[in-house]
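Enquirer: Below are the structure tokens for one structure; questions will follow.
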Protein chains: 4
Amino acid sequence: MDISKIQNQLKKFAIERDWEQFHNPKNLSMALSVEASELVEIFQWLKPEESNSPNQKQIQEINSEVADIAMYLLRFCSILEIDIEEAIKNKLEKNAEKYPVNLSKGNSQKYNQRED
Amino acid sequence: MDISKIQNQLKKFAIERDWEQFHNPKNLSMALSVEASELVEIFQWLKPEESNSPNQKQIQEINSEVADIAMYLLRFCSILEIDIEEAIKNKLEKNAEKYPVNLSKGNSQKYNQRED
Amino acid sequence: MDISKIQNQLKKFAIERDWEQFHNPKNLSMALSVEASELVEIFQWLKPEESNSPNQKQIQEINSEVADIAMYLLRFCSILEIDIEEAIKNKLEKNAEKYPVNLSKGNSQKYNQRED
Amino acid sequence: MDISKIQNQLKKFAIERDWEQFHNPKNLSMALSVEASELVEIFQWLKPEESNSPNQKQIQEINSEVADIAMYLLRFCSILEIDIEEAIKNKLEKNAEKYPVNLSKGNSQKYNQRED
């Protein structure tokens, strides 16, 4: 995926509509969390196993929400000049340290709540 | 960004820890929204203009949360076999229709709340 | 529950700490949603049936998050002079219209998504 | 506010519609956070000072969301037999300890992030 290309498209979209005035990190974090909740809403009354098999209408909604989340995330990173690929790489390394296989096997507890 | 490569790393990480049992779309949507809120928390008491200049500690936290959001989003898409790049492309086209420049200039209202 | 009394306590708490400058509706809505997500985090990897029987530590966390949510909600209503009891009464009436028993029986769909 | 009375109304509403099957703590925490985000959505592009003066339409939406949040919170507490008034009382006491006036004056930092 060409992150920079999408970020440039999002920037152009905002500039053309004079929306840059709204796109500060505070507001974008709000918009991102609102979209994340719209994804949650699709699943809130479903059983976990039902959530594995969304129907056609739900799949469309899910695709739409996933795109909204991704776009606000990329726009947010663009505004604060965050290299998302680098951020993911660093976090993957940290998670490997925090969640060693022997302590985490079948255990969903957060690393700082684990009873070792 | 090589989406598939990261998704494979995340899958391997989950399999090694026997975490696949927790990773259904319902649970992953919850985890994603929790991480989005952790990003919101950083900005909740800041003025919008202050949010443009986070300090060093905040930048580290922001990078960490951004990575968490991205990783849960990619894991979610992996589980439901959603092509995130295609989803973004489709949404960008729809947004261009919903928010024509002449109706949206300097106007942050949602397309269905706009008073034309 | 004496809503006004609690709202007065929260107001006094904010004034003493010079926190009124942070307590506008925008910021308080953010804080409220952050606390709601902290409640979600407790349940994110649990099966629905497991969530019915939280352990002692989880019960403490749940009580703490529930209080945070309630307090931000009351503070928010205080700032905007919203009568929460009246708001609930009105919503209960509207919900009874939107979700008539015969159309809603065993059906969790939102009223505007129902296939009648 | 007569909490028990409202909780009984909500319980009756759920039983009549056979919705008790959906109302476990996990699902209710999701619904609560979704409603909290719908409140956030109203304010996401507004300046903090603008959020102090919502227009008539926004006031109606705000009342509606506040009611939804309160009702899911009360339903959640009902299911887990949490005494919300007691929870608030305990939290107010803890907050007074965590945020002493001299350390917190004009300082919005979380107690565990404060640089004393």
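Enquirer: Looking only at region A:49-58, decide whether some residue is within 15 Å of the chain's Cα centre (by Cα) and closer than 18 Å to C:Lys110 by Cβ.
Expert: No; the residues of region A:49-58 include none that is within 15 Å of the chain's Cα centre (by Cα) and closer than 18 Å to C:Lys110 by Cβ.
Enquirer: Quick one: would you say C:Ile3 is of a type outside the set (D, E, K, R) and in contact (Cβ under 8 Å) with a residue 12 or more places away in the chain?
Expert: yes
Enquirer: Follow-up. For region D:6-116, which helices (runs of 4 or more DSSP H) that fit wholly inside it have 3 or more residues that are at pLDDT 95 or above, away from chain A (no Cβ under 14 Å) and crowded, with 18+ Cβ neighbours inside 10 Å?
Expert: D:56-79, D:84-98
Enquirer: Can you tell me how many residues within region B:33-68 are under 18 Å from C:Trp19 (Cβ atoms) and either aromatic (Phe, Trp, Tyr) or touching a Lys or Arg at 6+ places or on another chain (Cβ under 7 Å) (or both)?
Expert: So the count comes out to 3.
Enquirer: Turning to a different aspect of this structure: In region C:77-98, what residues are polar (S, T, N, Q) and touching a residue at least 40 places away in the same chain (Cβ under 8 Å)?
Expert: C:Ser78 - this is the single residue of region C:77-98 that is polar (S, T, N, Q) and touching a residue at least 40 places away in the same chain (Cβ under 8 Å).
Enquirer: How about region A:23-69: which of its residues are under 14 Å from B:Ala70 (Cα atoms) and without any contact (Cβ under 8 Å) to a residue 12 or more places away in the chain?
Expert: Those that are under 14 Å from B:Ala70 (Cα atoms) and without any contact (Cβ under 8 Å) to a residue 12 or more places away in the chain: A:Ser33, A:Ala67.
The values are calculated or read from the model by the stated rules, or taken from the named source; none is laboratory data. In this text the structure is predicted, and so the values were computed from the model without any measurement. Virtual Cβ from ideal backbone geometry, glycine too; neighbours counted across all protein chains shown.
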